[in-house]
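Dropping the structure in here first, questions after.
The values are calculated or read from the model by the stated rules, or taken from the named source; none is laboratory data. Predicted, not measured: the structure shown is a model, and the values here were computed from it. Neighbour counts run over all protein chains shown; Cβ positions are idealised from the backbone, glycine included. For accessibility, only protein heavy atoms count, side chains too; no ligands or nucleic acids. Shrake-Rupley method; radii C 1.70, N 1.55, O 1.52, S 1.80 Å.
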Amino acid sequence: MGETIGKIALAACQVIMIQVLLSAGAVTGEEDHDVLYQVSTIDALLESVYDGVMNMSGLLEHGDFGIGCFEGIDGEMIGVDGEFYQALADGSVRLVSDNQTTPFATVTFFEPDLNLTVEGDNLTLLESSFEAQIPSDNMFYAIRIDGVFPYVKARAIPKQEKPYPRLAEASANQSVFELYNVSGSIVGFYSPPFSKGVNVPGYHLHLISDDRKAGGHILDLRLNQTTASLDVTPEFFMLLPTEGAFAGANLTKDLSAELEQVEK
Ligand code: ZN
């Protein structure tokens with residue numbers, strides 16, 4: 001019964017969202033997929049809410065591009081061109097299956113609006129290179145960079161067992177991979193400062209190699225001058241978990257320091 005009402009409410013939301021999309025399309029004069037779709041919040045993940053609340057087939061209805069993780073963390077999610085991968089802590093990469101679930105993910109249909117020329121001898125310099133060029137700090141952007149990257153340091157957090165440790169604790173046991181001259185795609189997002197607590201303010205990038213044999217969450221990299229494609233996503237849709245540990249989590253704290261420790 002409750003579920004039926006939930007579905008009706010969701011359907012109503014979808015109708016509203018479609019109207020918003022159509023009106024946005026009217027403004028820009030093009031068919032618009034510029035919705036950033038997010039499952040749960042980054043602070044919930046930091047608070048060890050790792051229950052998978054949406055399966056991959058459901059997530060793929062909302063995007064062909066994105067990043068996230070899986071039930072119990074279990075590695076890193078990378079989605080590009082409609083193919084979603086799981087980079088595991090043992091260093092392997094596999095295609096996800098429809099029934100795998102995610103506790104936290106951000107996806108969109110990637111349609112580039114801007115091309116920027118970026119470079120950086122490390123991640124901080126790459127971010128500065130973006131910072132100097134993005135039209136506004138106050139927008140969400142999906143970011144894709146294809147190329148051969150001289151150096152990428154990537155990580156994957158192993159699968160966690162209940163009772164789940166905090167993400168900061170789980171990430172202490174992460175696997176770190178150093179890749180040289182890797183041909184692949186960098187997939188991720190820039191989220192504005194005001195999204196603190198909801199997503200990762202600033203840049204959050206994952207890697208998938210072209211041979212689909214390596215990937216993970218990017219901790220550092222070296223990038224020669226190359227083109228980055230950005231998809232401006234002014235619409236934001238967030239699905240909060242109605243099951244699992246989310247409802248009982250304490251999400252009142254400022255977890256900026258813990259996020260910094262986990263993501264960098
Ligand atoms: Zn990540």
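Can you report the number of residues in region 239-253 which are open to solvent by 70 Å² or more (accessible area, probe 1.4 Å) and not small (Gly, Ala, Ser)?
Total meeting the criteria: 6.
If residue 180 meets every condition in (1) in contact (Cβ under 8 Å) with a residue 40 or more places away in the chain; (2) in a strand (DSSP E or B) apart from one, which number is that one?
(1)
Can residue 229 be described as within 16 Å of the ligand (Cβ to nearest atom) and not basic (Lys, Arg)?
no
Looking at the structure I just gave you, is residue 207 open to solvent by 20 Å² or more (accessible area, probe 1.4 Å) and either over 22 Å from residue 159 (Cβ atoms) or of a type outside the set (Asp, Glu) (or both)? It would help to see each step written out before you state the result.
Working: open to solvent by 20 Å² or more (accessible area, probe 1.4 Å): no; either over 22 Å from residue 159 (Cβ atoms) or of a type outside the set (Asp, Glu) (or both): yes.
No; evaluated as a whole, the condition is false for this residue.
Condition (residue is in contact (Cβ under 8 Å) with a residue 12 or more places away in the chain, under 20 Å from residue 236 (Cβ atoms) and within 16 Å of the ligand (Cβ to nearest atom)) applied to region 148-163: is it met by at least one residue?
no
Only one of (1) over 15 Å from the mean Cα position of the chain (by Cα); (2) surrounded by fewer than 18 Cβ atoms within 10 Å (Cβ to Cβ); (3) within 15 Å of the ligand (Cβ to nearest atom) fails for residue 219. Which number is that?
Of the numbered conditions (1) over 15 Å from the mean Cα position of the chain (by Cα); (2) surrounded by fewer than 18 Cβ atoms within 10 Å (Cβ to Cβ); (3) within 15 Å of the ligand (Cβ to nearest atom), the odd one out for residue 219 is (1).
Okay, moving on. Considering region 66-92 alone, what residues qualify as being free of Cβ contacts under 8 Å to residues at least 24 places away in the same chain and within 14 Å of the ligand (Cβ to nearest atom)?
86
Residue check, residue 242 against (1) within 19 Å of residue 39 (Cβ to Cβ); (2) within 16 Å of the ligand (Cβ to nearest atom); (3) of a type in the set (Val, Ile, Thr), all met but one. Which one?
(2)
Does any residue of region 179-187 turn out to be touching a His at 6+ places or on another chain (Cβ under 8 Å) and either open to solvent by 10 Å² or more (accessible area, probe 1.4 Å) or more than 15 Å from residue 88 (Cα to Cα) (or both)? Break it down stepwise before answering.
Of region 179-187, the ones touching a His at 6+ places or on another chain (Cβ under 8 Å) are 186-187.
If we keep only those that are either open to solvent by 10 Å² or more (accessible area, probe 1.4 Å) or more than 15 Å from residue 88 (Cα to Cα) (or both) too, we end up with 186-187.
The answer is yes, given that some residue of region 179-187 is touching a His at 6+ places or on another chain (Cβ under 8 Å) and either open to solvent by 10 Å² or more (accessible area, probe 1.4 Å) or more than 15 Å from residue 88 (Cα to Cα) (or both).
Would you please name the residue that is nearest to the chain's Cα centre (by Cα), looking only at residues in region 47-93 that are part of a loop (DSSP other than H, G, I, E, B) and crowded, with 21+ Cβ neighbours inside 10 Å?
Let us first name the residues in region 47-93 that are part of a loop (DSSP other than H, G, I, E, B), namely 47-53, 63-64, 71-72, 81-82, 88-92.
Still in the list and also crowded, with 21+ Cβ neighbours inside 10 Å: 47-50, 52-53, 63.
On the way: 47: 17, 48: 17, 49: 16, 50: 15, 52: 15, 53: 16, 63: 11 Å.
Step by step, filter region 47-93, then rank; the result is 63.
Do we find a residue being under 23 Å from residue 246 (Cα atoms), at pLDDT 95 or above and within 16 Å of the ligand (Cβ to nearest atom) anywhere in region 183-193?
yes
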